[in-house]
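The values are calculated or read from the model by the stated rules, or taken from the named source; none is laboratory data. All values reported here derive from a predicted model rather than from experimental measurement. Cβ atoms come from the backbone with ideal geometry, glycine included; neighbour counts cover every protein chain shown. Heads up: the accessible areas ignore ligands, DNA and RNA and are worked out on the full protein's heavy atoms, side chains in. Shrake-Rupley method; radii C 1.70, N 1.55, O 1.52, S 1.80 Å.
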2 protein chains.
Amino acid sequence: MKIAIIGSGNVAWHLAQALDKSGNKITEIYSRNIANAKKLCSKLYDAHATDSLDFAASQASVFIISVPDNALSEVAQQAYFPENAIVVHTSGTLAMSQLETANTNQIGVFYPLQTFTKSKPVDFKTIPICIEASDTKTEKTLEKLAFSICENVCFYDSEDRKKLHLAAVFACNFTNFMLIKAKTILENEDLSFDVLKPLIRETIEKALELGPENAQTGPAIRKDTKTVQKHLDLLNQQPEIQKIYQLISEQIMKQK
Amino acid sequence: MKIAIIGSGNVAWHLAQALDKSGNKITEIYSRNIANAKKLCSKLYDAHATDSLDFAASQASVFIISVPDNALSEVAQQAYFPENAIVVHTSGTLAMSQLETANTNQIGVFYPLQTFTKSKPVDFKTIPICIEASDTKTEKTLEKLAFSICENVCFYDSEDRKKLHLAAVFACNFTNFMLIKAKTILENEDLSFDVLKPLIRETIEKALELGPENAQTGPAIRKDTKTVQKHLDLLNQQPEIQKIYQLISEQIMKQK
């Protein structure tokens, strides 16, 4: 398939390369900042960098818009797509209907449920790609495109995808934040974060195997309020983190 | 080495079995509730279950007390240990000095930094065991004992171990709590938690590889306040979880 990618952020960066490698052709990479588009194009077989949203002459049949959520509807409106173009976005939160401003009726969502950072390669094979489409024909095309890079295609409507994205924030972004805090606590005492790595790996493996609701350990689930209080005292100098510790511990205590 | 274990909770359960398998001899398992001690003994080569804290006739040279933190100092005081006994506890939070009530001068800490749940076997080899001791001879004995079951022995004094335990609560217990919340959000909509598993695994691998401070993604770090607000709205029916979402997001926004 021939595909144009609008955007050059973390998602666009990895998605473009995965599609390129799997035998699809990336025709254009758009970025407001042409240097970013060129950087991504240099990783691809034969894509053209552009800072124009006029795609009238593009060979692409699918246009993937992967820009910050607050820019999406404006970009969709400003762009000019060729006849019969399929236009999709990659956002977990935004409804498909945000693309109704585009000059096409074939719209959809192509949301890879993963955390992307440019400096770390990802294996798309295991990533679930969540699809929504305006019509069956478009859905089939997007499904085929998704299966060209991954083995796990799922179908979510805009409402369910919002909940999925919210759950992903807890499972990924907030989990990572907890690791940042753990590392900061240790580094403030010149202690190494490495000692926690086996614990972190086991925490996740156990939660995925038993279900996290059966894997909770620690002072709060034991209702060990003395230890919880000692920890709160240790966090005295960081009132916001102390508050987070307290609220989460209260919630864990309510679990059983 | 001959070892008696006082306690039959999650830590005692796994530690006793690991020591038993590695060629040490577990002489006694103590529990207030003899049935629990017997259950653990049934997993061991030739250990004796007891609900008496009188160890005057015990063959053990090392006594590992693994009871809830709030019971430790009472248990240490009530127990009677044979001459020259080494008495240690397994708590991350409690100071070694909590054992000064025991009738021995050789005391220490033997803290395996891991999350233990009875139903899930663990591989001790990769687990860091954190040691503290009242004197060099005791330290050498504990080090030898630790190396008999693991490959990673570290030395922390009581102050540093407290910080380590606090960090572990963030890295393990709070991380698991975030996974519980993610699962609950999905199950409330009849959506499967399985779809998040590749994301969760990648989140952890990325954080351990790049460092969590270089791996943060999501709406908060992008300062995407619109999405943050939408998520807060979705959590309207759960004010405590909403508050946790808000506080963590504020902290993430401050990261860069």
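Details
- For B:ASP224, the criteria (1) on the phi < 0 side of the Ramachandran plot; (2) modelled with pLDDT of 95 or more hold in every case but one, which is (2).
- Unique match (being open to solvent by less than 30 Å² (accessible area, probe 1.4 Å) and either outside the structural domain of A:ALA18 (by TED's automatic domain parsing) or modelled with pLDDT of 95 or more (or both)) among A:PHE124, A:PHE110, A:PHE147, A:PHE116: A:PHE110
- Which listed residue is under 26 Å from B:LYS226 (Cβ atoms), of a type in the set (A, V, I, L, M) and open to solvent by 20 Å² or more (accessible area, probe 1.4 Å), from A:ALA95, A:ALA57, A:ALA76: A:ALA95
- Among the candidates A:VAL62, A:VAL67, residue that is touching a residue at least 40 places away in the same chain (Cβ under 8 Å), on the phi < 0 side of the Ramachandran plot and under 17 Å from the mean Cα position of the chain (by Cα): A:VAL67
- A:ASN152 meets the conditions (1) in the same structural domain as A:GLY92 (by TED's automatic domain parsing); (2) in contact (Cβ under 8 Å) with a residue 60 or more places away in the chain in every case but one. The failed one is (2).
- Residue among A:TYR45, A:TYR80 that is in contact with a Lys or Arg (Cβ under 9 Å, 6 or more places away or on another chain) and among the aromatic types (Phe, Trp, Tyr): A:TYR45
- The range B:167-188, subset more than 7 Å from chain A (Cβ to nearest Cβ) and in a helix (DSSP H, G or I), residue surrounded by the fewest Cβ atoms within 10 Å (Cβ to Cβ): B:GLU187
- Take the conditions (1) in contact (Cβ under 8 Å) with a residue 40 or more places away in the chain; (2) over 20 Å from the mean Cα position of the chain (by Cα); A:SER42 misses just one of them, which is (1).
Yes/no matrix, rows are residues, columns are (1) surrounded by 15 or more Cβ atoms within 10 Å (Cβ to Cβ); (2) more than 7 Å from every other protein chain (Cβ to nearest Cβ):
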{"position": "B:ILE200", "(1), (2)": "yes, no"}
{"position": "B:ALA215", "(1), (2)": "yes, no"}
{"position": "B:GLN229", "(1), (2)": "no, yes"}
{"position": "B:LEU234", "(1), (2)": "yes, no"}
{"position": "B:GLN237", "(1), (2)": "no, yes"}
{"position": "B:TYR245", "(1), (2)": "yes, yes"}
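- Count of the range A:225-239 residues, restricted to those that are in contact with a helix residue (DSSP H, G or I) (Cβ under 6 Å, 6 or more places away or on another chain) and either within 20 Å of B:LYS254 (Cα to Cα) or not hydrophobic (A, V, I, L, M, F, W, C) (or both), is 4.
- Helices (runs of 4 or more DSSP H) (entirely within the range A:189-256) containing at least 3 residues that are within 30 Å of the chain's Cα centre (by Cα): A:197-210, A:239-253
- For the range A:79-92, the candidate set comprises residues that are farther than 19 Å from A:ARG32 by Cβ and β-branched (Val, Ile, Thr); within that set, the residue that is surrounded by the fewest Cβ atoms within 10 Å (Cβ to Cβ) is A:ILE86.
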